[in-house]
Amino acid sequence: MAHAATLEHPVENSDAAEVAALVARSRAAQAQIEHYTQAQVDALIRAMVWAVAKPGVAEKIAQHTVDETQLGNYDGKFLKIFRKTRATLFDIIDDKSVGVIEEDTARNIVKIAKPVGVIGALSPSTNPEATPVIKAISAVKGRNSIIVAPHPRAKLTNKLICDLMREAIVKMGAPADLVISIDIPSVNKTNELMIQCDRILATGGSAMVVAAYSSGTPALGVGAGNAVITVDDTADLDDAAEKIRMSKTLDLAASCSSDNAVILLDAIYDEMLAKLQSKGGHILGADAKAKLQNVLWEDGHINAKVVAQTPQFIADFAGFNIPDGTQFFIVPETGYGADHPFSGEKMTVTMALYRAKDIDEAIFLTNAIQAYQGQGHSCGIYSRSDANIMKLANATRTSRVMVNQPQAASNSGNLWNGMRQTFSLGCGSWGGNGTNNNITWRDLINETWVSKPLVTPKDLPSDDKLFGDVIAKLR
């Protein structure tokens, strides 16, 4: 859907034409696999993952990503490209995505999967190594093609990964243009992609997600992350401390699922805080907290210069000292909302620390913190009490409650839980999204429902049975 050229907007029209050409190529490639069998589709996605995750290549991609973006660290990037992509493939490989995918015998309904067409995917600078792969195999699993618009800070990484997948696709006998990278990205090109594609899969900053929802194209967006973790008085404190450290430091907190706030119940507060310190947590005093606040935010927005950087870099940048062995910052906090920015998302190895007298106050704090930022995304709890776990789950406005698991490594799926593997986390109406689920290939297809008459039609029950005592109450 290229726009007519005008003298007033030559750049915009050039971008529109460029994207239109990419979409045409993508649509032609998708048409060639529209009638692929399940075996053909699954062979394609196996090849796509192997091309980027095989030994030797995964290491190269991990280092390339760190070198280009200057975000996170090698270990985190390698974990995502080597392990997360494999886990995602493993999670979907046995799913039936071609032909009849579901039969509801009680209702006599059969559901048939149909491709959407061209998927327009946004890829962030914080997870540019695995995001294009995961989105691409989800698209192709549904017999779609995909065009990936990267963050400019990760454009070379995106091209490297997409080119490797394209080469693998060709070797499998399919058209390379099932995966296309926008090699020289811009906001205008991304906007054009969102207008011209058939469905948008948006992961990135809030501005781009809003743009996706405003494009006029059906969009799957995600809400802001600001995970809040509660440790109650029944928890295994050693286990909790290690998993919080793991989550808080994974890829230097590049993920929005990193533990942004931790709530400790009174009964275990001192003991648990000591354990967090033993894991490399450094408590900031008032002066260091003020200095950190000055560099974490600029004009109310997270400062890109400190995102996913080492504790030492941030401390030097802010102008305060930290002891050797510091892995993350612990910032004591009592408030929440705009006047207490540490209650929001930080995208750094910075953890706000709260104290609650009991599980009820922890629930109150979780909701108050996430009403400011992160509502609908995820929270977690370390506990041996099913009563506390379910109380928190029932009372919080969240799509995911991760129990006794490192949040950043778990809510998007991992081998130790049953969550679907993805990097796109729907946050429901709480986060301004249309879905709560972990977005995967099932969200990237159309479904035809075939309805046949029931063998025995249903009988409408009598009014007495259907309405019961309501009748008497309404007289």
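The values are calculated or read from the model by the stated rules, or taken from the named source; none is laboratory data. Everything quoted here is computed from the prediction, not taken from an experiment. Cβ placement follows ideal geometry from the backbone for every residue including glycine, while neighbour counts extend to all protein chains displayed.
Could you pull out every one of the helices (runs of 4 or more DSSP H) wholly within the range 1-92 that has 1 or more residues that are closer than 22 Å to Asn191 by Cα and modelled with pLDDT under 95? Before you say what the answer is, go through the steps one by one.
Working: elements: 10-33, 38-53, 57-69, 74-78, 85-92.
So the answer is 10-33.
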Residues of the range 257-275 satisfying the condition of being closer than 19 Å to Ile381 by Cβ and either without any contact (Cβ under 8 Å) to a residue 60 or more places away in the chain or β-branched (Val, Ile, Thr) (or both): Val262, Ile263, Ala267, Ile268, Glu271, Met272, Lys275
Subset of the range 191-209 that is buried (at least 23 other Cβ atoms within 10 Å of the Cβ) and polar (S, T, N, Q) - its residue that is farthest from Gly432 (Cα to Cα): Gln196
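Condition first: touching an Asp or Glu at 6+ places or on another chain (Cβ under 9 Å), of a type outside the set (Val, Ile, Thr) and farther than 21 Å from Ala315 by Cβ. Can you find one or more residues in the range 268-288 that meet it?
Step one: filter the range 268-288 for residues touching an Asp or Glu at 6+ places or on another chain (Cβ under 9 Å), giving 268, 275, 279.
After this cut, where a residue has to be of a type outside the set (Val, Ile, Thr) as well, the list is 275, 279.
Applying the additional criterion that residues be farther than 21 Å from Ala315 by Cβ yields 275.
Yes, the range 268-288 contains at least one residue that is touching an Asp or Glu at 6+ places or on another chain (Cβ under 9 Å), of a type outside the set (Val, Ile, Thr) and farther than 21 Å from Ala315 by Cβ.
Could you tell me which residue of the range 95-141 is surrounded by the fewest Cβ atoms within 10 Å (Cβ to Cβ), considering only residues that are charged (D, E, K, R) and closer than 17 Å to Asn438 by Cβ?
As a first pass, look at the range 95-141 and keep what is charged (D, E, K, R): 95-96, 102-104, 107, 111, 114, 129, 135, 141.
Filter once more, so that each one left must be closer than 17 Å to Asn438 by Cβ: 95, 135, 141.
Values: Asp95: 16, Lys135: 27, Lys141: 25.
Only one residue fits best here, namely Asp95.
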Test: residue in the range 235-250 that is among the acidic types (Asp, Glu) and surrounded by 20 or more Cβ atoms within 10 Å (Cβ to Cβ): no
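Report yes if Trp430 is part of a loop (DSSP other than H, G, I, E, B) and surrounded by fewer than 21 Cβ atoms within 10 Å (Cβ to Cβ), otherwise no. Before the answer, list the steps.
Working: part of a loop (DSSP other than H, G, I, E, B): no; surrounded by fewer than 21 Cβ atoms within 10 Å (Cβ to Cβ): yes.
Considered against the rule, which asks whether it is part of a loop (DSSP other than H, G, I, E, B) and surrounded by fewer than 21 Cβ atoms within 10 Å (Cβ to Cβ), Trp430 comes out as no.
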Scan of the range 224-253 for residues that are touching a helix residue (DSSP H, G or I) at 6+ places or on another chain (Cβ under 7 Å), under 23 Å from Thr435 (Cα atoms) and part of a loop (DSSP other than H, G, I, E, B), ordered by number: Ala224, Asn226
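Results for (1) touching a helix residue (DSSP H, G or I) at 6+ places or on another chain (Cβ under 8 Å); (2) over 18 Å from Cys379 (Cβ atoms); (3) in a strand (DSSP E or B); (4) in contact (Cβ under 8 Å) with a residue 60 or more places away in the chain, shown as yes or no for each residue.
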| position | (1), (2), (3), (4) |
| --- | --- |
| Ser255 | yes, no, no, yes |
| Leu292 | yes, yes, no, no |
| Ile314 | yes, yes, no, no |
| Thr326 | yes, yes, no, no |
| Thr334 | no, yes, no, no |
| Tyr354 | yes, no, yes, yes |
Residue in the range 340-349 that is in a loop (DSSP other than H, G, I, E, B), buried (at least 21 other Cβ atoms within 10 Å of the Cβ) and of a type in the set (Ser, Thr, Tyr) present: yes
Filtered residue count, the range 294-312, keeping only those that are crowded, with 16+ Cβ neighbours inside 10 Å, of a type in the set (Gly, Ala, Ser) and free of Cβ contacts under 8 Å to residues at least 40 places away in the same chain: 0
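Within the range 418-438, which residues are under 20 Å from Ile137 (Cβ atoms) and either free of Cβ contacts under 8 Å to residues at least 60 places away in the same chain or not hydroxyl-bearing (Ser, Thr, Tyr) (or both)?
Taking the range 418-438 and keeping what is under 20 Å from Ile137 (Cβ atoms), we get 418-426, 435, 437-438.
Matches in the range 418-438: Gly418, Met419, Arg420, Gln421, Phe423, Leu425, Gly426, Asn437, Asn438.
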Selected residue [small (Gly, Ala, Ser), more than 16 Å from Ala241 (Cα to Cα), modelled with pLDDT of 95 or more and surrounded by fewer than 20 Cβ atoms within 10 Å (Cβ to Cβ)] from Ala393, Ala356, Ala362: Ala393
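For Asp386, indicate whether it is surrounded by fewer than 16 Cβ atoms within 10 Å (Cβ to Cβ) and on the phi < 0 side of the Ramachandran plot. Talk me through it step by step, then tell me what you get.
Values: surrounded by fewer than 16 Cβ atoms within 10 Å (Cβ to Cβ): yes; on the phi < 0 side of the Ramachandran plot: yes.
Yes.
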Test: residue in the range 385-396 that is closer than 29 Å to Ser206 by Cβ and not hydrophobic (A, V, I, L, M, F, W, C): yes
Residue match in the range 106-121 (condition: closer than 26 Å to Met347 by Cα and modelled with pLDDT of 95 or more): yes
Within the range 109-138, considering residues that are more than 16 Å from the chain's Cα centre (by Cα) and outside any strand (DSSP E or B), the one farthest from Glu192 (Cα to Cα): Val116
Checklist (1) farther than 29 Å from Ile322 by Cα; (2) among the hydrophobic types (A, V, I, L, M, F, W, C); (3) more than 13 Å from the chain's Cα centre (by Cα) applied to Cys427, failing item: (3)
Residue within the range 208-223 that is in a loop (DSSP other than H, G, I, E, B), at pLDDT below 95, within 21 Å of the chain's Cα centre (by Cα) and at positive phi present: no
Filtered residue count, the range 322-351, keeping only those that are touching a Ser or Thr at 6+ places or on another chain (Cβ under 6 Å) and under 23 Å from Lys391 (Cα atoms): 1
